[in-house]
Amino acid sequence: MNQTPCRNLVLILGDQLDEDSAAFDGLDPAQDVVLMIEAREECTHVWSHKARTVLFLSAMRHFAHTLRARGWRVAYRALDVEADESLAVGLQAAIRIYDPQSVIGVEPGDMRVRRHIQDALKSIANFLDETRANGQKLFIDWREDRHFLCSLPQFRRWAGQSSSLRMEFFYRSMRQQYKVLLDGGKPTGGQWNFDAENRKGFGKAGPQDVPRPPVFEPDAITREVMALVEQQFAGHPGELHRFNWPVTREQALLALNDFIDKRLADFGKHQDAMCIGLDFGWHALLSSSLNLKLLNPLEVVHAAEQAYRKRDLDLASVEGFIRQVLGWREFIRGVYFLDMPELKEANHFGHTNPLPAWYWTGNTRMNCMRQCINQTLANGYSHHIQRLMVTGMFGVTAQISPQALCDWYLAVYVDAVEWVELPNTAGMALFANGGRFTSKPYVASGAYVKRMSNYCSGCRYEPETRSGPNACPMTTLYWNFLDQNEAAFAGNPRTALMVRHLQRMTPVERAQVRHQAQSMLADLDAL
């Protein structure tokens, strides 16, 4: 390693792989050094899926290679060389080596990481203040992450003092700000949102003519990382033999173009549907590339809109996809920074059950959970409805600790970074924040799963049955959840109909549901 002192030490984190990052503004490759750290703690603070770890480390190593090819000096601290236990340890070691005038970085998207780095910088700065003969202080320069289309100050202004936030209104303002899907200043197609057209199941025929996603064969760097992960994290969950995620910007652009060309046209209508053996369907598979900053959200949005206008694609599909990127993704990030740290500890219903062990193995008799979890373990991926209305919904009705389930989501998905994972899980899937940005808990009986998938076929349980030996846990626990929260839900227009259905049960039927639920809740691992 070149130990020549540098002017600026530029810290690039694993989810900041963007050559246009504000971190590089005003820098000089001849005088400045880029620092990248593979820290063991980032692979172990949750029980990280092997594919998630491989994706981050491989993408980081490829990015370092790209920067070196561009003429940058890169101080790369590898897990199998320097073996830093934490980002703080690696950062302090690099500062001692390079003795920089300044440390520059883009604000981390994880409050835990931000706190650890700030503490490390404060500690090393105090040390340098005492030891530097010239008395020069270490300057810390945190820069805004301009990858995002809504800055945090802008989001705070939009949110104001409101206790209830709704993505739809934020999304409309972003459409107007960036002039996306507008004709004459009005929403293309005469309305802002076509979500109602994007909820179809596959029907008895199942999915037809499903396009395959592009293949990214692991290169030497990725294979090296895969071997490292298998060696150092052998006991972690997940598989690697199907690893197929973009690890460079070039691959991410290929993935974007493939989605736009082959799947965007049919993305919308079946985006909520699920089917045994259908791992990806027409989904974009771009979230990991966006969250690593290999893709810019505006280029993704523009690509979709241009395809719509050039090829006359289905507007509901295009609008639904754009809403996820321009609306939901930006909104969720704003909520994270607005509501932390309280969001991480939120537990509106006071749920405390431990996470069943089969969340890590898929060894459950509930076929819907088995299918979604096994798919997750194989790919580090499942789509939004599988996360929201299967693994998440069960977590709510099974009264699982929100913190335990949020840690699971952060661990098992390749696209998981806390700014996006935590609000989606705690706020959307688990209603742990009491409806800060959702109007009701997203819960349903096994009938929903049956309508939107073929998971119930051949399952040990019967989705229509709420008590007895064949009772479906999704169904029993749903009705029990309504029973326990009847008064609160009766006063909410979005859940009042559910309560009216509950109240049609006889006292005997409700007692049977409670008894069945108590038996299930007492031993979730046995389901």
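The values are calculated or read from the model by the stated rules, or taken from the named source; none is laboratory data. Source: prediction; values computed, not measured. Here the Cβ positions follow ideal geometry from the backbone for every residue, glycine too, while neighbour counts run over all protein chains shown. Heads up: the accessible areas ignore ligands, DNA and RNA and are worked out on the full protein's heavy atoms, side chains in. Shrake-Rupley method; radii C 1.70, N 1.55, O 1.52, S 1.80 Å.
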Region 391-416 residues that are within 16 Å of LEU524 (Cα to Cα), paired with ones that are open to solvent by 10 Å² or more (accessible area, probe 1.4 Å) and of a type in the set (Phe, Trp, Tyr) (beta carbon under 7 Å, 6 or more apart): MET393/TYR442; VAL396/PHE431; THR397/TYR478
Could you please find all residues in region 305-317 being surrounded by 19 or more Cβ atoms within 10 Å (Cβ to Cβ) and either within 21 Å of the chain's Cα centre (by Cα) or polar (S, T, N, Q) (or both)? SER317
Kindly provide the set of residues from region 451-465 that are part of a helix (DSSP H, G or I) and under 20 Å from LEU482 (Cα atoms), ordered by number. none
Criterion violated by GLY109 - all others in (1) closer than 24 Å to ASP312 by Cβ; (2) modelled with pLDDT under 95; (3) not in a helix (DSSP H, G or I) satisfied: (1)
Which listed residue, of LEU138, LEU152, LEU128, LEU165, is at pLDDT 95 or above and either open to solvent by less than 40 Å² (accessible area, probe 1.4 Å) or hydroxyl-bearing (Ser, Thr, Tyr) (or both): LEU152
Considering region 396-423 alone, what residues qualify as being out of contact with any Phe, Trp or Tyr (no Cβ under 7 Å at 6 or more places or on another chain), open to solvent by less than 10 Å² (accessible area, probe 1.4 Å) and more than 26 Å from LEU286 (Cα to Cα)? ALA398, ILE400, PRO402
Within region 158-173, is even one residue within 30 Å of SER453 (Cα to Cα), touching a helix residue (DSSP H, G or I) at 6+ places or on another chain (Cβ under 7 Å) and not aromatic (Phe, Trp, Tyr)? yes
Please count how many residues of region 466-500 are over 31 Å from the mean Cα position of the chain (by Cα) and either within 29 Å of GLY281 (Cβ to Cβ) or touching a residue at least 12 places away in the same chain (Cβ under 8 Å) (or both). 7
Out of the residues in region 256-276 meeting the condition of being in contact with a Phe, Trp or Tyr (Cβ under 8 Å, 6 or more places away or on another chain) and among the small types (Gly, Ala, Ser), tell me which one is nearest to ASN193 (Cα to Cα). GLY268
Only one residue in ALA426, ALA444 is surrounded by fewer than 23 Cβ atoms within 10 Å (Cβ to Cβ) and of a type in the set (Gly, Ala, Ser). Which one? ALA444
I'd like to know if region 240-253 contains one or more residues that are part of a helix (DSSP H, G or I), within 19 Å of the chain's Cα centre (by Cα), surrounded by 15 or more Cβ atoms within 10 Å (Cβ to Cβ) and touching a residue at least 12 places away in the same chain (Cβ under 8 Å). yes
Answer from ARG112, ARG157, ARG96, ARG172 - the residue that is under 30 Å from ALA75 (Cα atoms), open to solvent by 60 Å² or more (accessible area, probe 1.4 Å) and of a type in the set (Lys, Arg): ARG96
Within region 63-86, the residues that are open to solvent by 20 Å² or more (accessible area, probe 1.4 Å) and closer than 17 Å to LEU292 by Cα are HIS65, THR66
Determine the pairs where a residue that is within 15 Å of GLN399 (Cα to Cα), located within region 503-527, has a partner that is open to solvent by 40 Å² or more (accessible area, probe 1.4 Å) and aliphatic (A, V, I, L, M) with Cβ atoms under 7 Å apart, the partner being 6 or more residues away or on another chain. ASP525/ALA357
Considering each residue of region 495-527, count those that are β-branched (Val, Ile, Thr) and either open to solvent by less than 60 Å² (accessible area, probe 1.4 Å) or in contact with a Gly (Cβ under 6 Å, 6 or more places away or on another chain) (or both), and give that number. 3
Does region 320-339 contain any residue that is open to solvent by 50 Å² or more (accessible area, probe 1.4 Å) and in a loop (DSSP other than H, G, I, E, B)? no
Suppose we filter VAL390, VAL301 for residues that are hydrophobic (A, V, I, L, M, F, W, C), at negative phi, in contact with a Leu (Cβ under 9 Å, 6 or more places away or on another chain) and part of a helix (DSSP H, G or I); which single one remains? VAL301
Counted residues in region 193-222 being more than 22 Å from ASP415 (Cβ to Cβ) and surrounded by 12 or more Cβ atoms within 10 Å (Cβ to Cβ) come to 9
Let me confirm something: among ALA307, ALA316, ALA303, which residue is aliphatic (A, V, I, L, M) and in contact with a Gly (Cβ under 8 Å, 6 or more places away or on another chain)? ALA316
Please work out which one of (1) modelled with pLDDT of 95 or more; (2) open to solvent by 10 Å² or more (accessible area, probe 1.4 Å) is the condition SER289 fails and give its number. (2)
Only one residue in LEU9, LEU17 is in contact (Cβ under 8 Å) with a residue 12 or more places away in the chain, under 20 Å from ASP145 (Cα atoms), outside any loop (DSSP other than H, G, I, E, B) and open to solvent by less than 20 Å² (accessible area, probe 1.4 Å), so which one is that? LEU9
Within region 185-197, does at least one residue satisfy the condition of being modelled with pLDDT of 95 or more and in contact with a Leu (Cβ under 6 Å, 6 or more places away or on another chain)? yes
Would you mind telling me which numbered condition in (1) touching a His at 6+ places or on another chain (Cβ under 8 Å); (2) assigned to a helix (DSSP H, G or I); (3) open to solvent by 10 Å² or more (accessible area, probe 1.4 Å) GLY434 fails? (2)
